[in-house]
1. Can you tell me which residue among A:L61, A:L122 is at pLDDT 90 or above and under 19 Å from A:L281 (Cα atoms)?
2. Exactly one of these conditions fails for B:L44: (1) surrounded by fewer than 21 Cβ atoms within 10 Å (Cβ to Cβ); (2) over 20 Å from B:D114 (Cβ atoms); (3) touching a residue at least 12 places away in the same chain (Cβ under 8 Å). Give me its number.
3. Taking only the range A:243-281 into account, find how many residues are away from chain B (no Cβ under 11 Å), of a type outside the set (S, T, Y) and farther than 18 Å from A:H121 by Cα.
4. Name every residue in the range A:331-360 that is in contact with a Ser or Thr (Cβ under 7 Å, 6 or more places away or on another chain) and either among the hydroxyl-bearing types (S, T, Y) or on the phi > 0 side of the Ramachandran plot (or both), in order of residue number.
5. Can you name every residue in the range B:25-82 that is more than 22 Å from A:K95 (Cβ to Cβ), within 13 Å of another protein chain (Cβ to nearest Cβ) and in contact with a Phe, Trp or Tyr (Cβ under 6 Å, 6 or more places away or on another chain)?
6. Is one or more of the residues making up the range A:52-60 more than 30 Å from A:G171 (Cβ to Cβ), within 14 Å of chain B (Cβ to nearest Cβ) and among the hydroxyl-bearing types (S, T, Y)?
7. Output the residues belonging to the range A:60-107 that are more than 20 Å from the chain's Cα centre (by Cα), part of a helix (DSSP H, G or I) and farther than 16 Å from A:P301 by Cβ.
8. How many residues are touching a residue at least 12 places away in the same chain (Cβ under 8 Å) and either assigned to a helix (DSSP H, G or I) or touching a helix residue (DSSP H, G or I) at 6+ places or on another chain (Cβ under 6 Å) (or both) if we restrict to the range B:3-27?
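The values are calculated or read from the model by the stated rules, or taken from the named source; none is laboratory data. All values reported here derive from a predicted model rather than from experimental measurement. Ideal geometry is used to build each Cβ from the backbone, glycine not excepted, and the neighbour counts take in all protein chains shown.
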Amino acid sequence: MESMSSLSTDMELKTEPFVLNMGPQHPSTHGVFRMRVLLDGEVVVDLEPIFGYLHRGIEKLAETRTYTQVIPLTDRLLYLSSMACNHAYVRSVEKLAGIHVPERGEYIRVIMDELMRISSHLMAVGFFLNDLGCSVYTPLLYMYREREKILDMFEMVCGQRLTYNYMRVGGVSGDVPEEFMPVLKRFVAEMPHFIAEYEQLLAENEILLARTKGVGVLPRELAINASASGPVLRASGVKWDIRKADPYSVYDRFDFEVPIGQVGDNYDRYRVRIMEMHQSLRILEQAMRQFPAGEACAKLPQLLRPAVGEAYGRVETPQGEMGFYVVSDNSIAPYRMHIRPPALLNLTALKDMVVGWKVADVIATFGSIDIAMGEVDR
Amino acid sequence: MTKALIGQEVAKQIGERVPQSVVEVSQSWILVRPEAVLQVAQFLKNTPGLDFDYLTCLTGADYLDYLEVVYILTSMKHNHSIVLKARCTREKPEVPSVVEVWRGADYQEREAYDLLGIRFVGHPNLKRLFLWEGFQGHPLRRDYL
């Protein structure tokens, strides 16, 4: 018996922390993103994100391009919501130069933004479920089906399916073609049925609930203090949406709700995105009804030379608040352009969200934030 | 609509609590001495009526004679905003870090350090955000070609 007891103390598990390198090339990191994770067994003790693998110096490039030539660069930020990036940029330049956009142009922008939001949220939710291992790829492929219809509509208006380069300072590059509105109408009518289908498949899903409820909690105070925005901020119970708090374009003319979460866990972030899709459809319905006739773009000189000054314009992209701080020295190129990156700032509190959880929860929590490395690294 | 607070009015309040901190003021922004940034930030965040609880954006710009740090602040409680600025010289590009006031400043200050070479004194982990350690120079400076 004595030898047995001494043997058991000898075999008592002694653990020591070790560093696990996740990424930069790994499917779950949604691009080239790297995390150095300090683990004790399977439990996360510390986490350090490492950025820069996709840094292209977009802010520096913008200084050598004219105001219009910068628009295609903004497509390469949040590449799953390029329309919203276009919008954030042109809005800042319009604010800087005091340009008025025709009503029809504003409505087209709102329609594109909301379609983009649905498409981006579909991808966010789809990849998130993929990360959770909910029957690999099935939910994602369901969502690709609907996203395809949105991409077809984008192709109709600008000929592109990923990098649209559709918005211009003063409006959009061209009016929507005749066949666009009937397609949009059909999409808006069909879509609630498809969202209901996802809900049916997912809302009570065992894996989803077990992996998301109570996991990766971002408390309300920390969310505000760490400059979180978009669905990440709203899931933590903060009713803050730029479309409501600081209405731009024609958003003040629509009736819609700002869905919020209760505790700020992975499940809330997922739920907020699903509910936002319903609200986007509401906005689209109203925009179609109110859609005015007229010009889609203001008449402007080919080369803009805004007066000396600076402006910060922001919009609510699917990932959060994207803003452009643009400084003009009265030349044809921006003197300085800074992009306020929603996804990078949403990652600020990632460490606090995952410490104490298992290594597999890092992937789930990281997936629930919904980032695009193009914008994180710029 | 987010209300843009009038610079002169807020500057007057700052001047009462943090004397001689304001250098210049306009309708839309307040320029403060770099040494006073942290105190002013604490004042703006913790004063009832101002309550700037949200750091929307922190960035910098190089104007060749000086480097400028820009803080765009928002109060979610009152839905108003203000722009705070601080200038430092190129010889001594130092500004106190505001990470202890707003955690959201963490990566933004690291980015400004990386690309503009502004040192944020008191930052808990001030190293390059995008470029690698050992990279020469700061690309967003106007004289970096």
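1. Details: A:L61 fails: under 19 Å from A:L281 (Cα atoms).
Being at pLDDT 90 or above and under 19 Å from A:L281 (Cα atoms) holds for just one of A:L61, A:L122, which is A:L122.
2. (1)
3. 6
4. Across the range A:331-360, the qualifying residues are A:Y335, A:T348.
5. Answer for the range B:25-82, where residues must be more than 22 Å from A:K95 (Cβ to Cβ), within 13 Å of another protein chain (Cβ to nearest Cβ) and in contact with a Phe, Trp or Tyr (Cβ under 6 Å, 6 or more places away or on another chain): just B:K45.
6. Let us first name the residues in the range A:52-60 that are more than 30 Å from A:G171 (Cβ to Cβ), namely A:52-55.
Cutting the leftovers down to within 14 Å of chain B (Cβ to nearest Cβ) gives us A:52-55.
Still in the list and also among the hydroxyl-bearing types (S, T, Y): A:53.
Checked the range A:52-60: at least one residue is more than 30 Å from A:G171 (Cβ to Cβ), within 14 Å of chain B (Cβ to nearest Cβ) and among the hydroxyl-bearing types (S, T, Y).
7. Of the range A:60-107, the ones more than 20 Å from the chain's Cα centre (by Cα) are A:60-70, A:93-107.
In the following step, the residues that additionally are part of a helix (DSSP H, G or I) were identified as A:60-62, A:93-97, A:103-107.
Hits for the range A:60-107 are A:K60, A:L61, A:A62, A:K95, A:E103, A:R104, A:G105, A:E106, A:Y107.
8. 12
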